[in-house]
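Contents: one structure, followed by commentary.
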Amino acid sequence: MTTHSGATITESAVLQALRSVEDPTQHQDIVSLGLVRDLQIQDSEVSLTLAFTTQPPATKAALHSGAQKAVSQIAGVTKARVKMGSATQPAAAAHAAHQAAPAPSADFIPDVKHTIAVSSGKGGVGKSTVAVNLALGLKQSGAVTGLVDVDVYGPDVPLMMGAKGRPGMFDNKILPVEAHGIKIMSIGLLVSEGEALVWRGPMIHSAVQQFLRDVAWGPLDYLVFDMPPGTGDAQLSLSQIIPLSGVVMVTTPQDVALLDVRKALAMFRKLNVPVLGVVENMSYFMAPDTGKTYAIFGEGGGAKVAEEFGVPLLGQIPLEIETRKGGDTGMPVVVGQPGSAQAAAFRQLAAAVTARVTALSGLQLPRIG
Ligand SMILES: Nc1ncnc2c1ncn2[C@@H]1O[C@H](COP(=O)(O)OP(=O)(O)OP(=O)(O)O)[C@@H](O)[C@H]1O
Ligand SMILES: [Mg+2]
């Protein structure tokens with residue numbers, strides 16, 4: 001029970017205090033570096049873990065005592081417990097669902113109105129396909145849109161968008177590549193195929209920070225992020241460094257896919273990233289010759305999980321040959337076959353996302369830091 005008469009200790013007050021602790025080698029505070037995990041506040045007692053990566057032992061010790069001191073000094077805190085952890089230990093990933101969110105700094109991209117992550121519990125469910133066609137659907141509705149591929153292990157966006165060439169530089173900023181009227185950035189545009197596969201956490205982390213800070217996005221209504229699959233460290237640390245307005249979760253109607261999507265949804269909840277809703281991809285197959293529909297991967301899964309989490313089902317996208325071909329040829333179905341049923345489904349998705357973002361942004365508290 002709380003006995004002191006002071007105000008309740010809030011997560012934002014703790015994170016604010018932790019922002020005063022800076023890594024001397026990286027010249028950044030421990031919250032921005034995504035080191036703060038597992039933040040728990042129990043009345044007047046605060047505990048957290050510092051998820052170290054490659055810091056030398058002396059730095060780890062200094063950051064640990066700095067964090068301990070910063071938290072102890074918050075008015076009303078009677079006990080501060082700072083544990084030393086490692087971001088690369090499997091235990092850290094297992095704890096994913098319990099980790100608290102340091103609020104990422106939106107200052108990186110001040111001219112971007114809304115940032116939307118397209119995510120999934122597992123790979124191959126159509127995340128990149130949805131991210132690309134959603135971004136194009138938003139663009140077609142009149143919004144100025146950018147698309148960032150942060151799936152460094154499978155950067156499919158350049159191929160799907162038919163984007164060629166390397167990003168240029170101007171005024172010390174990286175210029176995004178334009179394709180089908182939207183600005184895109186991907187690791188795939190910067191390094192040769194396979195090179196990013198050997199990257200570890202900190203390198204991905206700084207590459208993505210660069211995509212935010214050092215790319216001349218200009219004013220954008222939407223910046224869409226194609227995320228890596230799963231609830232592992234890559235997804236987790238990205239969600240901590242990208243200031244997200246919300247996440248769109250892609251699933252298929254299948255039960256196995258739904259198990260993973262539940263885990264991922266729970267993770268974003270814990271990270272305080274608003275869940276915009278669920279998109280059920282490969283919902284049904286429509287035979288092009290007869291128009292008959294077949295529920296190849298089952299039925300109703302997306303609606304079920306959306307209901308369970310109290311979020312809208314934003315769209316159902318049919319399984320369709322042209323959608324796959326569009327991705328393979330760099331001519332996404334929304335632009336390649338704008339009159340098709342799939343393109344209409346993606347445009348409806350874009351409208352549902354816009355409506356939800358608008359509704360939520362009216363409710364959101366101002367960001368700290
Ligand atoms: N609605 C659809 N109809 C037909 N094919 C689709 C559909 N959605 C995705 N595909 C195809 O399925 C394959 C996997 O899709 P995609 O690459 O978008 O998934 P992903 O979740 O991004 O995968 P990864 O986890 O590997 O990044 C691709 O060949 C894509 O063209
Ligand atoms: Mg992908």
Please go through the stretch 125-163 and give me each residue that is touching a residue at least 24 places away in the same chain (Cβ under 8 Å), of a type outside the set (A, V, I, L, M) and part of a loop (DSSP other than H, G, I, E, B), ordered by number.
Gly126, Ser141, Asp151, Tyr153, Gly154, Pro155, Asp156, Gly162
Just need a number here: residues in the stretch 135-163 that are away from ligand 2 (no atom under 13 Å from the Cβ), touching a Leu at 6+ places or on another chain (Cβ under 9 Å) and not β-branched (Val, Ile, Thr).
6
Just the residues that are more than 13 Å from Gly123 (Cβ to Cβ) and within 16 Å of the chain's Cα centre (by Cα), please, taken from the stretch 145-164.
Gly146, Leu147, Val148, Asp149, Val150, Val152, Pro155, Val157
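Being away from ligand 2 (no atom under 16 Å from the Cβ), assigned by TED's automatic domain parsing to the domain that holds Val118 and without any contact (Cβ under 8 Å) to a residue 24 or more places away in the chain is true for just one of Gln342, Gln337. Which residue is that?
On the way: Gln342 fails: without any contact (Cβ under 8 Å) to a residue 24 or more places away in the chain.
Exactly one residue qualifies, and that residue is Gln337.
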Report, by residue number, each residue of the stretch 231-263 that is within 12 Å of ligand 1 (Cβ to nearest atom) and under 11 Å from the mean Cα position of the chain (by Cα).
Ala234, Gln235, Met249
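May I ask you to verify whether Val256 is in contact with a Gly (Cβ under 9 Å, 6 or more places away or on another chain) and either in the same structural domain as Pro312 (by TED's automatic domain parsing) or free of Cβ contacts under 8 Å to residues at least 60 places away in the same chain (or both)?
Numbers: in contact with a Gly (Cβ under 9 Å, 6 or more places away or on another chain): no; either in the same structural domain as Pro312 (by TED's automatic domain parsing) or free of Cβ contacts under 8 Å to residues at least 60 places away in the same chain (or both): yes.
No, not satisfied.
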Filter pass, Gly330 being touching a helix residue (DSSP H, G or I) at 6+ places or on another chain (Cβ under 7 Å) and modelled with pLDDT of 85 or more:
yes
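Right, Gly326: under 20 Å from Gly181 (Cα atoms) and within 16 Å of ligand 2 (Cβ to nearest atom) or not?
Yes, satisfied.
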Within the stretch 154-181, restricting to residues that are of a type in the set (D, E, K, R) and away from ligand 1 (no atom under 16 Å from the Cβ), the one that is surrounded by the most Cβ atoms within 10 Å (Cβ to Cβ) is Lys173
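The values are calculated or read from the model by the stated rules, or taken from the named source; none is laboratory data. Note that the structure is a prediction, hence the values are computed from the model and not measured. Backbone-built Cβ (ideal geometry, glycine too); neighbour counts: all protein chains shown.
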